[in-house]
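Colleague: Let me give you the structure first, and then I'll get to my questions.
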Amino acid sequence: MFTFIFLCYYFFSFPDYGWPIAPQNQVHPLGNNWGNFQNYGSGSYFHNGIDVITPNQQGQPVYAVAKGWVKAWLTIQAEYHWRLAICDSNLNYTGRAPGWLYAHIDPNRYHKQEGDSVLPGELIGYLVPWPVSGFDHIHFARISDTGRLWRRTSSQPQNPTWWFIQNPLTLIQPNTDTVKPTFQDARAGQRFAFCRNNSSTYLEPQNLSGDVDIIARIYDKTGWTTGNATWDKLAPYKIEYSISGPRSVPQTLSLIFKYDLFSSTDTITVKTVYKRDATCRSLGDYNNREYFFIITNTDGDSLIERTDTTGKWRTSDFPDGNYWVKVIAYDVAGNWTAESMQVRLNNGVGISEGKKIEKSLREEKDLVYDALGRRVEKGSLLQNRGIFFILEGKGVRKKVLIK
């Protein structure tokens, strides 16, 4: 009786998409996630999957997360990069269809073959022992492709045309993330960095002008450690920002790592999201993980494109003055962290009347008062905003509004 109850509980409570290693109904540590910056010396790219780590456990079995048909068994680079592509649709379906990619399968042990059908929870292969100690992992991704087989053949010379279509962490369950994203100073003593649009000319936050990129340094963790503090550092799932001051920008979606990473190896597209120069240098390898996001580049859609580099904060459209820049970072589980920083615009916009008042202050007979009747001293006027009165004799000669 107990066995029957246990089996009923197991099969009816099992999530639609479990994890690809055992136990499938438990969260596992991640060594990389969807969209985080990568550069191992041969160019920058987005990580187009999640690396589910099996710390200090080599050769672990890999299990299917869903029903499907094996459409590819191939390697993209020698013995460590053999992979299975398993489509959701019948093997004979030739239109574009979604499926799952399971990479770093040991070719010398049992594994599924092209044409095989699989069921959720079925053994499909074993992890290959990884050459970097402790980083044994399954690279797991949601993909799509076309054709009966998802590989190059004489009749399909362009395959595989794999599209990386959705962050697996938005689909697999359970997905309990217990740690909020973390902000670090983008520059020494500065929470955010500011530079001329698409350049490495950095500006002081109290003297911003022209077209400006806002850069934030952020990483996330899941609370399930790989045993290596560097590998635990992941990219956040979503970033939003707002600007408040004399003129405001409402809370705006900067980017979300949810859907397509079609151009995962396109270095221009990667540079749209991540800043990588001598001042704000994004890193992503076994020894260093630093993510500097260009908050203002991306336009908030789910597909990051080359054209997004046109994004910027056009500060000349805003009156001079003090502003608060606020950035919010989220993980997939909805945990979030917000940070803000005060900056000052100095484009010479909206202060012409203030300059006239300063000229008047140089005339001994003119006095300037604020709306509360307090005397305004020369040199402090332009650090304030509001209504000011110029007095000549016993009368008000002029009322001025500084925005």
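The values are calculated or read from the model by the stated rules, or taken from the named source; none is laboratory data. These numbers were taken from a predicted model, which means no experiment stands behind them. Cβ sites come from the backbone with ideal geometry, for glycine too, and all protein chains shown count toward neighbours. With ligands, DNA and RNA removed, areas are computed over all heavy atoms of the protein, side chains included. Shrake-Rupley method; radii C 1.70, N 1.55, O 1.52, S 1.80 Å.
Colleague: Considering only the stretch 279-300, state which residues are in contact with a helix residue (DSSP H, G or I) (Cβ under 8 Å, 6 or more places away or on another chain) and either among the hydrophobic types (A, V, I, L, M, F, W, C) or farther than 18 Å from SER254 by Cα (or both). Outline the logic, then answer.
Modeller: In the first step, residues of the stretch 279-300 are kept if they are in contact with a helix residue (DSSP H, G or I) (Cβ under 8 Å, 6 or more places away or on another chain); the result is 293-294, 297-299.
If the condition is that a residue be in contact with a helix residue (DSSP H, G or I) (Cβ under 8 Å, 6 or more places away or on another chain) and either among the hydrophobic types (A, V, I, L, M, F, W, C) or farther than 18 Å from SER254 by Cα (or both), then PHE293, ILE294 are the ones that fit.
Colleague: Could you tell me how many of the residues in the stretch 48-68 are over 21 Å from HIS28 (Cα atoms) and either surrounded by 22 or more Cβ atoms within 10 Å (Cβ to Cβ) or without any contact (Cβ under 8 Å) to a residue 40 or more places away in the chain (or both)?
Modeller: Total satisfying the criteria: 1.
Colleague: Same structure again: Scanning for something in contact (Cβ under 8 Å) with a residue 60 or more places away in the chain and under 30 Å from ASP277 (Cα atoms), does the stretch 121-132 turn up at least one residue?
Modeller: yes
Colleague: Let me ask something additional. State whether the residues of the stretch 26-37 include one that is over 26 Å from TYR291 (Cα atoms) and not in a loop (DSSP other than H, G, I, E, B). Step through it out loud before you land on a result.
Modeller: Taking the stretch 26-37 first, the residues over 26 Å from TYR291 (Cα atoms) are 26.
With not in a loop (DSSP other than H, G, I, E, B) added as a condition, the list becomes none.
Within the stretch 26-37 (the criterion being over 26 Å from TYR291 (Cα atoms) and not in a loop (DSSP other than H, G, I, E, B)), the answer is no, since none of the residues qualifies.
Colleague: Sort out which residues of the stretch 113-142 are assigned to a loop (DSSP other than H, G, I, E, B) and touching a strand residue (DSSP E or B) at 6+ places or on another chain (Cβ under 7 Å), and write them in order of number. Steps first, please.
Modeller: Narrowing the stretch 113-142 to residues assigned to a loop (DSSP other than H, G, I, E, B): 113-116, 119-122, 128-136.
Scanning the stretch 113-142 gives GLN113, GLU114, GLY115, ASP116, GLY121, GLU122, VAL128, TRP130, PHE135, ASP136.
Colleague: While we're looking at this one, here's another question. If you check TRP73 against the conditions, is it open to solvent by 50 Å² or more (accessible area, probe 1.4 Å), modelled with pLDDT of 95 or more and in contact with an Asp or Glu (Cβ under 8 Å, 6 or more places away or on another chain)?
Modeller: Numbers: open to solvent by 50 Å² or more (accessible area, probe 1.4 Å): no; modelled with pLDDT of 95 or more: yes; in contact with an Asp or Glu (Cβ under 8 Å, 6 or more places away or on another chain): yes.
Taking the combined requirement at face value, the residue does not satisfy it.
Colleague: Please go through the stretch 334-345 and give me each residue that is in a loop (DSSP other than H, G, I, E, B) and either surrounded by fewer than 16 Cβ atoms within 10 Å (Cβ to Cβ) or hydrophobic (A, V, I, L, M, F, W, C) (or both), ordered by number. Working first, answer last.
Modeller: Going residue by residue through the stretch 334-345, those that are in a loop (DSSP other than H, G, I, E, B) are 334-335.
GLY334, the sole residue that qualifies.
Colleague: Separate question: Among the numbered criteria (1) open to solvent by 30 Å² or more (accessible area, probe 1.4 Å); (2) in contact (Cβ under 8 Å) with a residue 40 or more places away in the chain, which one does PHE135 miss?
Modeller: (1)
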